[in-house]
1. Can you give the accessible area per residue of region 52-191, in Å², using a 1.4 Å probe?
2. To the nearest 10 degrees, how steeply does helix 183-199 sit against the main Cα axis of the chain, on a 0 to 90 scale?
3. Where does region 128-255 land on Rg(C-alpha)/(2.2 N^0.38 Å)?
4. Averaging over all projection directions, find the projected area of the Cα convex hull of region 234-355 and quote it in nm² with one decimal place.
5. I'm checking a number: the convex hull volume of the Cα atoms of region 322-363, normalised per residue, in Å³. What is it?
6. Enumerate the amide H contacts of Lys484 below 5 Å, restricted to partners 5 or more residues apart or on another chain; note that Pro and chain-start residues carry no placed amide H.
7. Note down the relative contact order for the chain as a percent, whole number, built from C-alpha pairs under 8 angstrom at least six residues apart.
8. Count neighbours as other Cβ atoms within 10 Å of each site's Cβ, and list the trypsin sites (Lys or Arg not before Pro) in region 385-443 that are DSSP loop with at most 14 such neighbours.
Amino acid sequence: MPVTPKIISTLLAATAMAAASATVLAAPVAKPTAAEADRFLADTEAKLNKLNNEQARAAWVGSNFITDDTEGIAAYFAERFLAASGEAAIGARRFNGMKLSPEAARKIMLLQQTVVFADPKEREQYATLQAALNGAYGKAKYCPQNGDCMALGEMEKVLATSHDEAKLKEMWSGWHAQSPAYKDKYVEYVALSNKGAKQMGFADTGAMWRSQYDMPPEAFSAEMERLWQQVKPLYDSLHTYTRYKLRATYGPDVVPLTGPIPSHLFGNMWSQTWTNLYPILKPSTDTKSYDLTKVLEERKTDAKQMTKYAEGFYTSLGMQKLPATFWERSLLTKPRDRDVVCHASAWPLNEKDDVRIKMCITPTAEDFTVIHHELGHVYYFLAYTKQPFLFRNGANDGFHEAIGDTVALSITPAYLKQIGLMDQEPDVSADIPQLLERALSKVTILPFAYTVDKWRWDVYSGKTKPADYDKSWWQLREQYMGMKRPVAGSGATGFDAGAKYHVAADVPYSRYFLADMLQFQFHRALCREAGYTGPLNRCSVYGNAKAGAKFQQMLAMGASKPWPEALKAISGEDKIDGNALLEYFAPLKVWLDQQNAAFAAAEKK
Ligand code: X8Z
Ligand code: ZN
């Protein structure tokens, strides 16, 4: 990367920013007009669009080929975008409180939801740290004393399939020993990010994140707590049931009768989804032994075919086929010869149809769901391409995460049979097993998602100091998830939160909590639209053009309206609500409580 252009652009940006700040100070003199606001927005959107495309392309390469050079290139283009978005944020301030069209007012508001750095050096350092943290996570490996180094994916596989407690502990500890190496960088990054958020009038970065939901940040925190309280009884029942079963599997020395469960036993590195525990947790009546992973493996379903299955669902709803460039440019399998960030992600590379995913697909039931999730992002991108730059986004970030999951809720036995992945549809007696299996991802992620951001809100506000990162992390894990660290605490240098991709890569996580609620609201609405009246877990909208059109109508809105309007467009509701999820799992809740009562009675004897 030639050095000269970078210096010039940084200087230019700094000058522009100083000019913009000066305008703010002098603002009372000349009151701008609505026409000026429109012109400002048109110029700004054109500029940001171009820089965003460049930044996305550099970030794509940075995540696909992790080297010092690509990291530097990604940071360079991220910094250029930040300089321009910062300048735009400051420039937008002068239109605050003016009478503008609803669209212009919304754009002015959206432009100001960003970090802004007065000092270009700090901006550069911020972008550099962000790229470095992303790379550090992607490159991390556990190297046992005697044996080959293991990448995260290999360790996840052991956690998913082994019931050897010592092995599980080794995998858990091996991965969690990696993140302290980048803790110092994270601490520095948090401080810089806060500085940037304060510059725009937010109390800290956490408050800025909570301001992105068309309501004040305090109202958002209250909403999250309200929603959590709604679903907590269901989680508690599932947790109690799981503890009994894990205790029977691993023995009373490993799993206590009451209180928190060691977190390496859940079949998942972060114990956020427990789907891999299904063989341990399944009801004794479940004799079906249908295993989608087995079917996919036996058929040697490759990554492209997995993606084709998912595409097939979307096209059955009337949506377009994926563009040829999607297939040419996406990364669908883990390369053997280089480091990539394997955590699945979807990317819009321009405002037309250069959409891609990056995912290390394996033929498993889990990845079958994840690929539907990723294409949900992709079809959202494609649906809102006609929106102006600032509205090319989800109604809120929870919507973006909910689209593919909504589609995946339609992966029912009837659907699997229809596409030839299941021979015979099970009868209604299989409802409880299926609901249990689904609850192992949809119910379990709720307290995880809530507390990942609760932890970060406290980190960003300064309530949790770096020396207390692990203390606070495990307090939350215990309080909300009923889990404890499997091995003695790592103390003041520990960084267990950093073992999660979204913390290292600084991706907000409340979105998955919201998405978990929203997808059941969307699913219920689409099933109604399709004229379906039976139990929600048996509904699949596969092939239903009417439901598809309703979905597409909401997707096409992008972020052009406050999210309650988008929710209304699809469901008639204007509040995020846990009731659809509770309705879906209602029969399971009854069953779990019966099981738990029986276990408790047996213990007493
Ligand atoms: O990160 C993801 C997606 C990409 S947006 C694969 N998810 C969260 C996670 O893996 O932690 C999907 C569910 C939760
Ligand atoms: Zn996602």
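1. Numbers: 6060 Å² over 140 residues.
Dividing the accessible area of region 52-191 by its residue count gives 43 Å².
2. Helix 183-199 and the main axis of the chain meet at about 50 degrees.
3. Values: Rg = 20.4 Å, N = 128, 2.2 N^0.38 = 13.9 Å.
Normalised by 2.2 N^0.38 Å, the Cα Rg of region 128-255 equals 1.47.
4. Details: hull surface 49.2 nm².
In nm², the orientation-averaged hull projection of region 234-355 is 12.3.
5. Numbers: hull volume 3.4 nm³, N = 42.
Dividing the Cα hull volume of region 322-363 by its residue count gives 80 Å³.
6. Close amide H contacts, sequence-distant or interchain: Ile261, Ser263.
7. In percent, rounded to a whole number, it is 16.
8. Numbers: sites: Lys386, Arg392, Lys417, Arg438, Lys442; in loops: Lys386, Arg392.
Passing both the DSSP loop test and the Cβ count: Lys386.
The values are calculated or read from the model by the stated rules, or taken from the named source; none is laboratory data. Note that the coordinates shown come from a computational prediction; the quantities given were computed from them, not determined experimentally. All Cβ positions, glycine included, derive from the backbone under ideal geometry; neighbour counts span all protein chains shown. Just the protein is used for accessible areas: all its heavy atoms, side chains included, with ligands, DNA and RNA removed. Shrake-Rupley method; radii C 1.70, N 1.55, O 1.52, S 1.80 Å.
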